[in-house]
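Below is one structure, written out as structure tokens; comments come after it.
Derivation of every value follows stated rules applied to the coordinates shown; laboratory data play no part. Please read these numbers as outputs of a predicted model, since none were measured by experiment. Every residue, glycine among them, receives a Cβ derived from its backbone with ideal geometry; neighbour counts consider all protein chains shown.
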Amino acid sequence: MKTKVTYLNTNSEFIENINLSNFDLIVADSNLQNLKFDNNLSVSIEYLLVSEEKKILSTVETIWEVFFNYDLNRNSKVLFIGGGVLLDLCAFAASTYKRGVDFSLAPSTLLAMVDAAHGGKNGFNNEFGKNQIGTFSKPSNVLVCFELLNELPESIYKDGLIELIKHGLIGDKGIFNYLINSQTHHITFEVLKDGIQVKTSITDIDFLESNKRKLLNFGHTIGHLIEKDSDYEISHGQAVAMGIYYEMILSKNHLNLDDKVINQYIEFLDKIKYQNTYKFKSSKEELIARLKNDKKSRKEIVEIILLNQISDPQIVELNFSEVMEVIEYE
């Protein structure tokens, strides 16, 4: 099944589309209550308070309980509105509730619009790392409403820019050039669509991440280590921003990536006031233990995405010590 992507300009178009879709239930991020969707929707809506710290099994159990309270069955249709954490959790819950109910997603953050809402990866974190438990299950539809971005705090918006520039680096030089040359943090609807196209063009041909889909992990191998090391005090976008930098250094060391690309990326981070380096609190041994739990690792090797040049990524096998060489730790 190929997921439909529905592009909508305004919140009013968004509400109209939802009301015409005959959903049985909506679960939305509690941060969206100020938009007062309830006043215009013809379907029940439940709000859920989520965060990276709450991206755990107990929250999934809460969502399952909501489904049971609404007597949902395998013929039901549900919609989830929110950022990446909520979409991951709710989609996992939907994909496992009574062995799967039909669900659609409406991302409310830029990061979720260009990444989390597409491709059917769902899951939650545990003590061993991010998204260690999950499913592959596609939504029927993804509703992308451009006006929802107007509600985002600047810090949340900029987190999304990191995922967008990652898509530019691995698949669309035009996105990369737009972002490094733009004088504003706010993107156009066309650039948003281009970013989504990079993600969906990859996941449509490699849904189960057997090969090409791994390219989307650029910046995430080290980025996830940073998130975990900071006890998730550093946001996903900020962690991946630094992960991209370190994986660019690895690209320079192993694939001769041009310094110019690295410097352009650093200038972009400076422009949005994001750091490019991080000093780990964990020891080298602790970090290697976490790398071993990475889904892309086996024995002493991790598959990591490096760049030959912009829009020319490559899957490279490195040993853990080679990864450790480029990062700082206590």
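Under the rule of -39500 (n - 2.57) per DSSP H run of 4 or more residues, summed and divided by the residues of the chain, what mean residue ellipticity at 222 nm is obtained, to the nearest 500 deg cm²/dmol?
-13000 deg cm²/dmol
Report for segment 4-151 the percent antiparallel among DSSP-assigned beta bridges with both residues inside it, nearest 5.
20
Compare the Cα positions of 66, 51, 131 along the charge dipole of segment 4-151 (+1 at Cβ of Lys, Arg; -1 at Cβ of Asp, Glu; about the Cα centre) and return the one farthest towards the positive end.
131
DSSP loop trypsin sites (Lys or Arg not before Pro) in segment 267-330 with at most 10 other Cβ atoms within 10 Å of their Cβ, which ones?
Passing sites in segment 267-330 are 273, 299.
Regarding segment 4-151, what are the three Cα extents along the principal axes, ordered largest first, in Å?
On the principal axes, segment 4-151 reaches 41, 31, 27 Å in Cα extent.
Taking +1 at the Cβ of each Lys and Arg and -1 at the Cβ of each Asp and Glu, which of 256, 222, 153 sits farthest along the dipole of the chain towards its positive end, judged by Cα position relative to the Cα centre?
My answer, from the dipole projection, is 256.
Can you give me the pair-distance distribution of the chain, C-alpha pairs, 20 Å bins, whole percents?
Percent of Cα pairs in each bin: 33, 58, 9.
What size of dipole, in debye to the nearest 20, comes out for segment 4-151 about its Cα centre when the only charges are +1 on Lys and Arg C-beta atoms and -1 on Asp and Glu C-beta atoms?
For this selection, approximately 500 debye.
For segment 200-226 and segment 269-330, what is the separation of their Cα centres, given in Å?
Centre-to-centre (Cα) distance: 14 Å.
Would you pull out the residues with amide H under 5 Å of residue 28's amide H, same chain only if 5 or more places away, H placed 1.01 Å from N?
Amide H neighbours of residue 28: 46, 47, 48, 81.
Based on the mean of other Cβ atoms within 10 Å per residue, sort peptides 30-37, 141-148, 240-247, 226-233 so the most packed one is first.
Packing proxy ranking, top to bottom: 240-247, 141-148, 226-233, 30-37.
Need the C-alpha centroid separation for segment 128-161 versus segment 10-34, integer Å.
16
Roughly how many debye, to the nearest 20, is the charge dipole of the chain about its Cα centre, given +1 on each Lys and Arg Cβ, -1 on each Asp and Glu Cβ, and no other charges?
My answer is approximately 760 debye.
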